Amino acid sequence: MDVSSPSKSIFDGPLMLYDAAVLEYKGGGQFVLLGEAPGWFDGYFSTGSDDRLNLGDHSAFLNVFLLDAEQHWSEGEGRLQSGPWTEAGADGRAVTLEASAMELDGRKLLLIAPPTLNLDAVQQLLQSARDEHLSRERERKDVEQREVLLHCIVHDLSNPLSGLKGSLQLLAEDNLVQRDGTELLEIATRQVDRMQTQIRAILDAFRADVANQLPTAGQHAPPDVSESSRAVAEALSPAARLAGLEIVVDAPDEPLLIVGDRDKFQRVLFNLAGNALRYGPSGTSVRVIVQEKNGEVEIAVEDEGPGVPSERIGTLFKRFGKGPDGQTGLGLYFCRITAEHWGGSVGYSPREGGGARFWVRLPRRG
Amino acid sequence: MIQKKICMIGSPAVGKTSLVRRYVEGVFTDEYLTTIGVKIDRKTLKHGGQDVNLILWDLAGDDAFQPLKTSYLRGMSGYLLVADGTRRSTLEHALQLQQRIEEAHVDVPFVVLLNKHDLLDEWDIDEEFVQALRGRGWDIIESSALVGFGVEEAFAQLTARMLTTAAA
Ligand SMILES: Nc1nc2c(ncn2[C@@H]2O[C@H](COP(=O)(O)OP(=O)(O)OP(=O)(O)O)[C@@H](O)[C@H]2O)c(=O)[nH]1
Ligand SMILES: [Mg+2]
């Protein structure tokens, strides 16, 4: 060691504890090592007999950092630190290092060393912060999903109620019950009304915070479109009669199986046909039309109501989308995510001759 | 030989390191070990009959703890903007990062990766939104570092874009 050069001995002393290489910049990309080379150094930079080194040639990272360093040497103050980087050296071994550039007595110095002491601590700190962030996100998502699921369930609870109420009213209107029974009918109708009101209140409370929810992939009975369409039409027929509407199914007689699960598919149909009944004017009919189209099955529900105003069409199937009447509802959104989850699609177009036409297309099974 | 620097950019834990490991070493690990600073890897790929040497800069995920260092982007020819498809917020964050990069006057091609596509039950990305981005001319690829799909494709597509940009 050359004791006559004080600047060298400083670098040889305590810094060697940290495995640091101290280099001086000579311009033109060339560096000279001051003091001893730490253990990792020769293999990393494949130093030969030449005592001038072009560090940027050996490290893509330093190549970029040295641009900043050059600027720092000419005008900066204090130390410019690179932050840790991991890169394989000339010997193919990946090493994590840190560099800092500084000026000392007019000399442009570069220190390179493996990050010491605190890297593990930094790693642990960051890791726990990020792990925590991830688990918080996961929790939030779980809660969201549960809420949406609950919302869908509550929404579905109201569907049979409409049918029930329709039946009760028909019983009353057609005088099918004896006098004593009418009082009981009124009680039953009031109970249905109360339940509907409560369900609406719950849905309103949810409306504020409905997030996305994929229906879980159901491994249940595959839906037969023809059979399901007729079943849904039958369940809705009391409500239809009450509204002075006819509900007509135009589907092939033979089973038509699609991808998906039966219950969810019927919920989709309930939603679409239920909407149509609300908008179809008395004396007209609501049609459920089932057709096979290039490997897909299309189920269209048509009514002869006013149709959807063009400004609402774009958002009909959105999460917070408004229905045809401008009311926020989850029904059409549910139809969409269910269909998409099964590889299908949903859509709206005005019905030829006036009214609305909602369709679902689903891949055929088998 | 042609050399191209590619950066992996995105929120923490979206799978940047995993994608590089899948691409370079062909392996995948379940364990999450957050990246500190930057990790540099190399991989040579053939494009149109010529060898292209990719220098992959796997940057630490951007958040308040380790904000993206734009100085690392110097010399970059393109980047993969990675989001975790099971966490919608990471796609929103990716859009912000893209904007920040654009504001730093770095105008290079990029490809968006919606990673973790093996976790379809947890998928959290709005398809319409993706379509809207594609409508802007963005390249968006669904990928899985776990299963390995979309990975080669993403690097190949980005390389093709980088080379046509360079030729233009
Ligand atoms: N299921 C699944 N998990 C993945 C996939 N890619 C990454 N992961 C997991 O996601 C976690 C984070 O992956 P990393 O590759 O470390 O993420 P990163 O983006 O490099 O994270 P930072 O370095 O912190 O920015 C790890 O637990 C991985 O195993 C994937 O395609 N599918
Ligand atoms: Mg990483």
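The values are calculated or read from the model by the stated rules, or taken from the named source; none is laboratory data. Since this is a predicted model, take the numbers as computed values, not measurements. Neighbour counts run over all protein chains shown; Cβ positions are idealised from the backbone, glycine included. To get the accessible areas, we keep the full protein, side chains included, count just its heavy atoms, and leave off ligands, DNA and RNA. Shrake-Rupley method; radii C 1.70, N 1.55, O 1.52, S 1.80 Å.
Per residue, what accessible area does the protein assembly as shown have, given a 1.4 Å probe and all protein chains present, in Å²?
49
Where the only charges are on Cβ atoms (+1 Lys, Arg; -1 Asp, Glu), what is the dipole of the range A:8-116 about its Cα centre, to the nearest 20 debye?
Result for the range A:8-116 is approximately 20 debye, rounded to the nearest 20.
Please give the peptides A:89-99, A:183-193 ranked by average Cβ packing (other Cβ atoms within 10 Å per residue), highest first, as a rough proxy for protection.
Result, highest mean Cβ count within 10 Å first: A:89-99, A:183-193.
Roughly speaking, to the nearest percent, how much of chain B's 1.4 Å accessible area is carbon and sulfur?
In chain B, the share of accessible area belonging to carbon and sulfur is 51 percent.
Could you give the spread of the C-alpha atoms of the range A:139-195 along their three principal axes, from largest to smallest, in whole angstroms?
57, 15, 9
Would you calculate, for chain A, the mean residue ellipticity at 222 nm contributed by helices, counting each DSSP H stretch of 4 or more residues as -39,500 (n - 2.57) and dividing by all residues, to the nearest 500?
Estimated from H runs of four or more residues: -15500 deg cm²/dmol.
P(r) for the range A:8-116: what percent of alpha-carbon pairs falls in each 10 Å bin, starting at zero?
14, 52, 32, 2
Can you report the principal axis dimensions of the range A:97-164 using only the alpha carbons, biggest first, rounded to whole angstrom?
Here the Cα extents, ordered largest to smallest, are 92, 22, 13 Å.
Run the simple label-point estimate for A:E186 and A:D105 please: 7 Å along Cα→C-beta, distance reported in nm.
Output for this residue pair reads 10.8 nm.
Quick one: which bits of the range B:16-51 get at least 10 Å² less accessible when the partner protein chains are in, versus the chain alone, with a 1.4 Å probe?
SASA drop of 10 Å² or more in the range B:16-51: B:Y32, B:L33, B:T34, B:I36, B:G37, B:V38, B:K39, B:I40, B:R42.
What nm distance separates the two modelled labels at A:K26 and A:K293, each placed 7 Å from Cα along Cα→Cβ?
About 7.7 nm, to one decimal.
So, how do all the Cα-to-Cα distances of the protein assembly as shown break down into 10 Å bins, in percent, from 0 on up?
3, 15, 20, 17, 14, 10, 8, 6, 4, 2, 1, 0, 0
Taking 22 Å as R0, compute the FRET efficiency from the Cβ-Cβ separation of A:S46 and B:D51 and round it to 0.05.
That pair, A:S46 with B:D51, gives E of 0.50.
Treating the beta-carbon of each Lys and Arg as +1 and of each Asp and Glu as -1, no other charges, what is the dipole magnitude of the protein assembly as shown about its Cα centre, to the nearest 20 debye?
For this selection, approximately 800 debye.
Relative to the first principal axis of the alpha-carbon coordinates of chain A, what is the inclination of helix A:331-341, with its axis defined by its Cα atoms, in degrees from 0 to 90 and to the nearest 10?
That helix lies at roughly 60 degrees to the long axis.
Got a sec? Which residues of the range B:118-144 lose 30 Å² or more of accessible surface with every protein chain in place, vs. that chain alone, 1.4 Å probe?
The answer is B:D121, B:E122, B:D124, B:D126, B:E128 - residues whose exposure falls by at least 30 Å² when every protein chain is included.
In nm, to one decimal, how far is the A:E173 label point from the B:L133 one, both placed 7 Å along Cα→Cβ?
For A:E173 paired with B:L133, the spin-label model returns 5.2 nm.
Which residues of the range A:77-105 show a drop of at least 30 Å² in accessible area when all protein chains are present, compared with their chain alone (probe radius 1.4 Å, heavy atoms only, ligands and nucleic acids excluded)?
Hits at the 30 Å² cut-off: A:P84, A:T86, A:E87.
What's the extension gain from B:A166 to B:E152 if we count 0.36 nm per residue and subtract their Cα-Cα distance?
Here the segment from B:A166 to B:E152 would lengthen by 2.9 nm.
Return the FRET efficiency for the residue pair A:D193, A:D131: r is the Cβ-Cβ distance, R0 is 60 Å, and the value is rounded to the nearest 0.05.
Computed FRET efficiency for A:D193 and A:D131: 0.75.
Which residue, chosen from A:Q191, A:G56, A:V148, occupies the Cα position most advanced towards the positive end of the dipole of chain A, where the dipole is computed from +1 (Lys, Arg) and -1 (Asp, Glu) charges on Cβ about the Cα centre?
A:Q191
Any chance you could run the full-extension gain for B:D30 through B:Q3? It's 0.36 nm times the residue separation minus the Cα-Cα distance, nm to one decimal.
My answer for the length gained is 6.6 nm.
What FRET efficiency comes out for B:S71 versus B:E103 if R0 is 22 angstrom and r is the Cβ-Cβ distance? Round to the nearest 0.05.
0.90
Taking the range B:1-88, which chymotrypsin sites (Phe, Trp or Tyr not before Pro) meet the DSSP loop condition and have no more than 16 other C-beta atoms within 10 Å?
Hits after loop and neighbour filter: B:F28, B:Y32, B:F65.
Where the only charges are on Cβ atoms (+1 Lys, Arg; -1 Asp, Glu), what is the dipole of the range A:135-363 about its Cα centre, to the nearest 20 debye?
820
In bins 10 Å wide, starting from 0, what share of all Cα pairs of the range A:216-289 does each bin hold, as a percent?
Going out from 0 Å in 10 Å bins, the range A:216-289 shows 21, 48, 24, 6, 0 percent.
Ignoring any ligand, DNA or RNA, what whole percent of the accessible area of chain A comes from carbon and sulfur when the probe is 1.4 angstrom?
After summing per-atom areas, the C and S share lands at 50 percent.
Can you report the principal axis dimensions of chain B using only the alpha carbons, biggest first, rounded to whole angstrom?
Result, largest extent first: 43, 34, 31 Å.
With axes computed from alpha carbons, what is the tilt in degrees of helix A:60-75 against the longest principal axis of chain A, rounded to the nearest 10 within 0 to 90?
60
For A:V122 and A:L149, calculate 0.36 nm times their separation in residues minus their Cα-Cα distance, and state this gained length in nm to one decimal.
Difference between extended and current length: 5.7 nm.
A:K108: which lysines have alpha carbons under 27 Å from its alpha carbon, excluding same-chain residues fewer than 8 sequence positions away?
Partners within reach: A:K8, A:K26, B:K39, B:K69.
Summing both sides, how much accessible area is buried between A and B? Use a 1.4 Å probe and give Å² to the nearest 100.
Approximately 2700 Å², summed over both chains.
Just report the Cα centroid separation between the range A:60-80 and the range A:93-118, whole Å.
A separation of 11 Å, based on Cα centres.
I'm a student and want to see the number: the projected area of the Cα convex hull of the range A:135-363, averaged over all directions, in nm².
For the range A:135-363, averaging the hull's shadow over all directions gives 14.4 nm².
Report, as an integer, the average count of C-beta atoms from other chains found within 10 Å of each Cβ along A:119-127.
3
Greater than 28 Å separation of Cα atoms is the criterion. Which listed pairs, A:K141/A:K293; A:K141/A:K318; B:K16/B:K46, meet it?
Flagged as over cut-off: A:K141/A:K293.
Which of the listed residues, B:Q50, B:F129, B:A13, is farthest toward the dipole's positive end in chain B, when Lys, Arg count +1 and Asp, Glu count -1 at the beta-carbon?
So the residue we want is B:Q50.
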